[in-house]
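For reference, the structure discussed in these notes is given below.
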Amino acid sequence: MQGTSAADGNINAWLIEDSLYLSPKTSWEVEPLHIKKGSQVFRLQDLEKPISRSSLQGKGNAIFPLQQRKLNISLESERKIPFKHGINLLDDFVIDGKKTLSFCLGNEPDPCRINILKNVEIHSSPKESLQIRAMLGLHRGKGKLVAEVNQNSTTTRHEINFSEDHKGGNEEHKYHKAIINLPAINSVAELTIYVEHQCYMPWEKTDRTDSFYFISDLRVTEKSGLPTTICTARIYEGSQGFPNIAKLKKARVSLFQSSHDSPLEIVWKNGSSTVLFHPLDTSGKIQGLKDGQVIATCNTAGLHNIYVNNRISTTDFIETEKTYTEINSHFLNGDPAIVEIRDLSGSQVLAASSMILRRALTSEPTLDEQSKPPYPTDLTVRSGHRYTSIRKHLANPLAGSDSRMLSQALATLDRSHNTLDLEYLDIPTQRNPQVSIVVPAHNKVRVTYYCLCSILVAYNKASFEIIVVDDGSSDDTQRLEEFISGVKVIHNNEPQRFIEACNAGVNAAQGKYVILLNNDTEVTDGWIDELIEGFQRFPNVGAVGSKLLYPDGTLQGAGGIVWGSGNPWNYGTGQNPWDPKFMYARQVDYICGAALMTTKTIWDEVGGLSEYLKPMYFEDTDFSFKIRAAGYKTYYIPSSIVYHHEGLTSGTDTSSGFKRFQEVNRPKFKKAWSKSFCKHNKDGIEPDLEKDRGIIGRALFIDYTTPREDRDAGSYAALQEIKLVQSLGYKVTFIPKNFEDFGVYTQTLRNMGVEVIVAPFYRSIEDFIAQRGTEFDCAYITRYYVAQESIPALREYAPDCKIIMNNADLHFLRELRSAGDDPNKLERAAEVREMELEMMLETDVVISYNETEHAVIQSHTDNAVKVMKCPWVVETPHHFPRFKSTAGLAFLGGFKHPPNREGMEWFGAEVMPLIKNTGIELSVFGAAMDHKFKETMREQGINAVGYIDHLEDLYTKHRIFIAPLLSGAGIKGKVINALSYGIPTILTPMAAEGIGLRHGHDCMIARTPQEWAESINKLYHNESLWKSISKASREYAEQQFSFSEGRRLMREIFESIELYKSQD
């Protein structure tokens, strides 16, 4: 219940960063219970320590005259002087991301005064004084920047001269960096700033008679020398100026992540609620980092805060256009950091990005030309890939690798193409290589050498050969074999150009796979292995390509789009390569020839690169179309990363040189393939949707976290359900409610072709759905508490999106079964029931693994909810247990799940004493097993192993799998996995529920400790019974839990919500 009450007017509330302070103006008429934001609940606590006034009312002072429209420009002179002024008026005098105020005084101007600010009120913190900072430029004049401070009826003057040596321009070093220190401000003072023009100063090489003054990035800040920081609380409307300290409460709340977030509310003990703070309707964007400054924009210009790793760094005026904001040097330590734009209270994140804050700002070209390695900091994002490769080389050296050669190649990669040395390099040769890397090269020997060094450094398990095609070079490429061994070189006497060079190189290839690699590239760890995985992971693949990055780490291309006009387009150029939309494998229109893999067989089948496009350009796009015309698919594989120094070999001007063939070949390509692309979208229309080829729809999966298959059965199920939906032809986007990137687990999804949405690119489910919800045909939501946050947003922003809710297990039934007679637990179960059923009533279909639960849901909702069976899929194992080669009992479960702990504690106390003299050992496996639990197990004679890397070892080395579960709900994935391996199982009725097993046929079911002991002894020693149950359980699993059966059930679910299209 929400509404106004007498309590609403009695509230004082302040919100600053993640702290909400609350007090009554007099005393509470109704006591506050807690704070909530949507489905999140935050506990209120009495504040034990007093809070200072400055904690809520601001921590700093700053004026940004050029941005805040505080200027009061006027000219004071005895004679009339032609006068022009403006901000960023002259393009040649604008520093990127800054504001430059310019004055032009004409006709050899006499002395005069140009007012900038007049009588602006200022104050400073108790321990700080203020200073004026600006960058000054001057043409043909002599003058001063003057500040006058008036306090207590006394005016003081402070000044600094413009320098004739600094004329201004587009770069900071062309300006005089001026600082004017102001006197201490006791309370409040008035500030006036003006330019005092003294005289005209002619220049010898020009007849111009005007004087120019330039003032860039003018600001009034505190004198500490650090960037200004201001943090001021948001105040609830009607609050007093300062809180009632004696009755102050505090709640630690989550930050607002977008304008679509739910508001912060007080929930009162009488059940009503009051909205305190709504999210601000503003957003921002972080475009990068340059020279220790964040490049930022906001859709609403104003003062905002920059935070680094959750700590305030800088307050600055951020414009709607590109603004450069200084990072406090305290944070410039060379480590990765989360950088955020927030509002002045620090309570709402407007934009966020992850970046490396370099500890030294000397540019890469300067260091490369003027110094030598080792440098004071990593100059390039490529260094991280090199480090990963070296770690792998050290951990598992490859056959024939030489540490000296690796060290030399690594040192070369620290240099540039211009400064590296052509030292002898030995690349290990390998018989019967899996992969042939073809590198065409025309001159630019240092570029080629750099590329070959990167191939040597980059760690790959796959064996390879390198074929360099010297395409009529006139430089040292002609004698490449003299200083590089282990490389096959084909020499063309005359330049044949790219198409002929590649065809010649592939003709000499011995590998199963062939890679075309530009010589102006740097490859990274695992780039070959990941491309091969693309062939093995997806069906009917004909060609795959790497993610291409520019040397500065920005994206060059994430697969190609060919528009309906026939024009090709590198998707994502210039954007952040780690954005989720560039991070997942997918089918594409074409693969860029800078890093393209196919098989030798397919290359020969389609005839290699087409000669009608000789000498070069459009050949890679044409090749991809030939691949698909032959019945294969082309995939972008973003886990294979290659840096491309585009333009080093062919330039970038399409009107001259060989680059002109790009335009010559464009109409040839269009004529050849017009029927293939004619139904594609118009140029530039919705590229984020157009990029996904080979799909019939889009499905949005939302769960509480990223699946971790080796941690719990629910994660295994989630991955299988995603695969089932993909098999119907849907592109899957996955949102973990916590927005965390879990490394290898997140990468598993991306490798499968799933777009995974993580922070900092999105921070809330509601924000994502508000921006992209209309893309999706359906949403597949797992767990009721995830649905609570997701369904309202879907109904508001994507009303046509169908909603499937997987209840995972019936939460209220599980809690009810474990509650016993505890009234608090029974009350909690009732609350969960109401919330769970409410969400089910809001969906289009509810799916459940356990048919017993179907009846419970329908009975509690009077058949108002459509309920269908959710498939459970197990993959057929390659190895099975054998009676005589197995020993002991095994249990598997995640121990954050209470029923697993409860079941094992019961088994240890009740059953283990009955079998302790039999010599039969029990081993317990699973994640999140705490020390206390392990000690309890050991005291009861149980081997508490904990996490296990390879589940196959558990199922094939133990004789019996047990599941003594006493409570819970849903289906037990651990039991189904055991069935698929054929390890006989002994189960409680609860563990067997919903699977359809028959006692004595495909499992044993035991209820009492005595039944458990008898079943263990009987099954453990009776080989005939063991083999019978093993065989029956495998057959049952293959019949009921196969992928084909799961796909059939998933199709029925989609058809039940009128989504009939699918790929057969």
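Quick notes on this structure:
- Qualifying residues in the stretch 627-658 (those that are of a type outside the set (F, W, Y), more than 22 Å from I455 (Cα to Cα) and at pLDDT below 90) - the one surrounded by the most Cβ atoms within 10 Å (Cβ to Cβ): T654
- Boolean, F162 is modelled with pLDDT of 95 or more and either in the same structural domain as V294 (by TED's automatic domain parsing) or aromatic (F, W, Y) (or both): yes
- Counted as qualifying within the stretch 810-883 are no helices (runs of 4 or more DSSP H), as none has 1 or more residues that are without any contact (Cβ under 8 Å) to a residue 12 or more places away in the chain, within 21 Å of A991 (Cβ to Cβ) and among the aromatic types (F, W, Y).
- Considered as a group, the residues in the stretch 849-883 that are under 19 Å from L1059 (Cα atoms) and in contact with a helix residue (DSSP H, G or I) (Cβ under 7 Å, 6 or more places away or on another chain) include one that is surrounded by the fewest Cβ atoms within 10 Å (Cβ to Cβ), and that residue is K869.
- Single condition T985 does not satisfy, out of (1) crowded, with 23+ Cβ neighbours inside 10 Å; (2) out of contact with any Cys (no Cβ under 6 Å at 6 or more places or on another chain); (3) not basic (K, R): (2)
Residue-by-condition table, conditions (1) farther than 25 Å from Y981 by Cα; (2) within 42 Å of the chain's Cα centre (by Cα):
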position	(1), (2)
K916	yes, no
G926	no, yes
D930	yes, yes
T936	yes, yes
G946	no, yes
E952	no, yes
T956	no, yes
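- Test: residue in the stretch 1008-1023 that is part of a loop (DSSP other than H, G, I, E, B), of a type in the set (D, E) and in the same structural domain as H931 (by TED's automatic domain parsing): no
- The stretch 875-926: number of residues that are in contact with a His (Cβ under 8 Å, 6 or more places away or on another chain), under 22 Å from K972 (Cβ atoms) and not β-branched (V, I, T): 5
- Qualifying residue in the stretch 958-979 (condition: at pLDDT 95 or above, of a type in the set (D, E, K, R) and either surrounded by fewer than 18 Cβ atoms within 10 Å (Cβ to Cβ) or in the same structural domain as F907 (by TED's automatic domain parsing) (or both)): yes
- Scanning the stretch 1028-1053 for residues that are out of contact with any Lys or Arg (no Cβ under 8 Å at 6 or more places or on another chain), assigned to a helix (DSSP H, G or I) and of a type in the set (F, W, Y) yields one hit, Y1036.
- One residue from S216, S163, S129 being loosely packed, with under 15 Cβ neighbours inside 10 Å and within 47 Å of the chain's Cα centre (by Cα): S129
- If you go through the stretch 165-192 and keep only what is in contact with a strand residue (DSSP E or B) (Cβ under 6 Å, 6 or more places away or on another chain), of a type outside the set (G, A, S) and closer than 21 Å to L90 by Cβ, you end up with H166, K167, Y175, H176, K177.
- Answer from V487, V506 - the residue that is touching a helix residue (DSSP H, G or I) at 6+ places or on another chain (Cβ under 6 Å) and among the hydrophobic types (A, V, I, L, M, F, W, C): V506
- A1037 satisfies every condition listed in (1) farther than 30 Å from F701 by Cα; (2) crowded, with 22+ Cβ neighbours inside 10 Å except (1).
- Any chance T320 is free of Cβ contacts under 8 Å to residues at least 60 places away in the same chain, under 20 Å from P65 (Cβ atoms), hydroxyl-bearing (S, T, Y) and assigned to a loop (DSSP other than H, G, I, E, B): yes
- Taking each residue of the stretch 1003-1028 that is in contact (Cβ under 8 Å) with a residue 12 or more places away in the chain and looking for partners that are surrounded by 18 or more Cβ atoms within 10 Å (Cβ to Cβ) and charged (D, E, K, R) with beta-carbon atoms closer than 7 Å, six or more apart or interchain, yields Y1020/R959.
- Residues being touching a Cys at 6+ places or on another chain (Cβ under 7 Å) and of a type outside the set (F, W, Y) are entirely absent from the stretch 177-195.
- Of the helices (runs of 4 or more DSSP H) entirely within the stretch 715-805, those holding at least 2 residues that are at pLDDT below 95 and under 27 Å from L841 (Cα atoms) occupy 765-772, 784-797.
- In this structure, T192 does not satisfy being touching an Asp or Glu at 6+ places or on another chain (Cβ under 6 Å), part of a loop (DSSP other than H, G, I, E, B) and either outside the structural domain of T314 (by TED's automatic domain parsing) or without any contact (Cβ under 8 Å) to a residue 12 or more places away in the chain (or both).
- Sole residue being aromatic (F, W, Y), in a helix (DSSP H, G or I) and at pLDDT 95 or above, chosen from F661, F623: F623
- Scope the stretch 884-926; condition part of a loop (DSSP other than H, G, I, E, B), surrounded by fewer than 17 Cβ atoms within 10 Å (Cβ to Cβ) and aliphatic (A, V, I, L, M); matching residues: A887
- Exactly one residue out of I341, I327 is at pLDDT 90 or above and not assigned by TED's automatic domain parsing to the domain that holds W578, and it is I341.
- Boolean, L1025 is over 17 Å from P877 (Cβ atoms), surrounded by fewer than 22 Cβ atoms within 10 Å (Cβ to Cβ) and touching a Lys or Arg at 6+ places or on another chain (Cβ under 9 Å): yes
- Members of the stretch 449-465 found to be surrounded by 24 or more Cβ atoms within 10 Å (Cβ to Cβ) and either over 33 Å from the mean Cα position of the chain (by Cα) or at pLDDT below 95 (or both), listed by number: Y449
- Considering residues of the stretch 686-740 that are among the β-branched types (V, I, T) and surrounded by fewer than 19 Cβ atoms within 10 Å (Cβ to Cβ) only, the residue farthest from the chain's Cα centre (by Cα): I696
- Some residue of the stretch 161-169 being in contact (Cβ under 8 Å) with a residue 24 or more places away in the chain and assigned to a strand (DSSP E or B): no
- Qualifying residue in the stretch 371-391 (condition: assigned to a loop (DSSP other than H, G, I, E, B), basic (K, R) and under 21 Å from M597 (Cα atoms)): no
The values are calculated or read from the model by the stated rules, or taken from the named source; none is laboratory data. Remember, it's a predicted structure, so these values are computed and weren't measured experimentally. Because the Cβ atoms are built from the backbone with ideal geometry, glycine has one as well, and the counts that use them run over all protein chains shown.
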